[in-house]
Amino acid sequence: MAPPSPIRFIETALSCTGPFAVSYTDPDQKWLIRKHLISLIQNFPNLSPSVDPFFHDNGSTVNLLNVRGYLHVSQSTPPIPINIWLHENYPFMAPLVFVSSDPTSPIHGNHPFVDSSGATASPYLIYWNHPHSNLSDFVHNLVKLFSHDHPFVYLPASSFTHPSLVSKQEALDRLAGRLHYDIAAIRAKTAEEIEELSALQGEMVKRVGIATSIVMGLDHEKKKLKRRVKELTDEADMLMNWVTFNDPKNVMAVTGEERMEDVIEAADEESELVLDQLAGDKAMEDLMYELDKAVEQGVVTLRDYIKKVRVTAREQFFNRAMLLKLKGPDILHWLH
């Protein structure tokens, strides 16, 4: 037995009662559904009607008429399997449209009108308005829309045709697609900039930590220097007090003699001997320095220079030997 014609199937489905009855109750609604479906199938013969249960997101189940088949939008792109469900409140509610995909033909990312699950939301559906909207016009619009934005093949956005050469709906579809891609590009660019700024922020936080550590170190050093300055100031005050007390005028008033060397007195005889030996050592160093200059200037002959240096070196040797005897090796750092 040959399968019933699509028109016969639609009429039978709408008149069926019992558990297999479709979820359309209003006779006027059924008449409009019959009219729209017949017009659609006549314009797109490769679409065939069917009745199947539909599961809403809220968990409810309804029996709905739907048409499924392939849309051929161009010779260079693959056909698009599509399933159009008529909502139980159709035509006041827009149909539910899905593009079927498989691993061999996935929906390309960021499609402006079809999400990864295949759910389709074109401007025509978003602004569905009965009685101006119908199935045939919608599918015609869908074919034009998919010819510019194929679900399975990414097509670079083509330039706009002059507004006078396209319909208002087609211009709206193209504008919506271009805006979608522009927004996606802006979001990707923004995400990239945010990532760069986050990395820069991390680097700045790191540098702030380093700078804070340096500032804290400098502050610590500043406090140490302040303490050292205070110590030196105190020592300077003590020295000034000592100098004031031992001013030459005061010394002359007490001793009656101008002998500044008497202002500094050794603690004992040994210390006084050490001071004398150190003074003698410095004096001999100064003498040899002056002899060097005299030789360079030609004031002293080389023979006299060698003679004087020998005498001075001998005296310095005995002088330092006495210092080593009095204070030991520790005295040597005073000689340099």
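The values are calculated or read from the model by the stated rules, or taken from the named source; none is laboratory data. If you're wondering where the values come from, they're calculated on a predicted model, not measured in any experiment. Every residue, glycine among them, receives a Cβ derived from its backbone with ideal geometry; neighbour counts consider all protein chains shown. The accessibility values were calculated without ligands, DNA or RNA, using every heavy atom of the protein model including side chains. Shrake-Rupley method; radii C 1.70, N 1.55, O 1.52, S 1.80 Å.
Here are some notes:
- Rolling a 1.4 Å probe over the heavy atoms of the protein chains gives region 75-131 an accessible area of 49 Å² per residue.
- Residues whose amide H comes within less than 5 Å of that of VAL73, counting only those at least five positions distant or on another chain, are ILE80 (H built at 1.01 Å from N in the peptide plane).
- From phi via Karplus (6.51, -1.76, 1.60), per-residue ³J(HN,Hα) for region 124-134 in Hz, x at Gly/Pro: 4, 6, 4, 9, 4, 8, 6, x, 6, 9, 8
- Computed with a 1.4 Å probe on the full set of protein chains, the accessible area for MET93 sits at about 90 Å².
- Accessible surface for LYS144 stands near 100 Å², nearest 10, in the context of the full protein assembly shown (1.4 Å probe).
- Qualifying trypsin sites (Lys or Arg not before Pro) for region 33-99 [loop in DSSP, other Cβ within 10 Å: at most 13]: none
- A Förster radius of 41 Å, combined with the Cβ-Cβ distance separating ARG207 from ASP237, puts the computed FRET efficiency at roughly 0.40.
- Computed over protein heavy atoms with a 1.4 Å probe, the carbon and sulfur contribution to the accessible area of region 274-317 reaches 57%.
- Solvent exposure, largest accessible area first (probe 1.4 Å, DNA, RNA and ligands not counted), of GLU11, GLU196, GLU296: GLU296, GLU196, GLU11
- Prolate/oblate/rounded label for region 41-156 (Cα gyration tensor, a/c 1.5): prolate
- Per-residue surface analysis assigns ASP52 an accessible area of about 40 Å², computed on protein heavy atoms at 1.4 Å probe radius.
- 3J(HN,Hα) couplings calculated from phi for region 215-229 with the Karplus curve 6.51 cos²θ - 1.76 cosθ + 1.60 (θ = phi - 60°) are, in sequence order, 4, 5, x, 5, 5, 4, 5, 4, 5, 4, 5, 4, 5, 5, 4 Hz; Gly and Pro show x.
- Solvent-accessible area, 1.4 Å probe, carbon plus sulfur percent, for region 1-115: 57
- Rounded to whole Hz, the Karplus (6.51, -1.76, 1.60) HN-Hα couplings of region 78-89, x for glycine and proline: x, x, 10, x, 9, 9, 10, 9, 8, 4, 4, 9
- Ranked packing of 39-45, 236-242, most packed first, by mean Cβ within 10 Å: 39-45, 236-242
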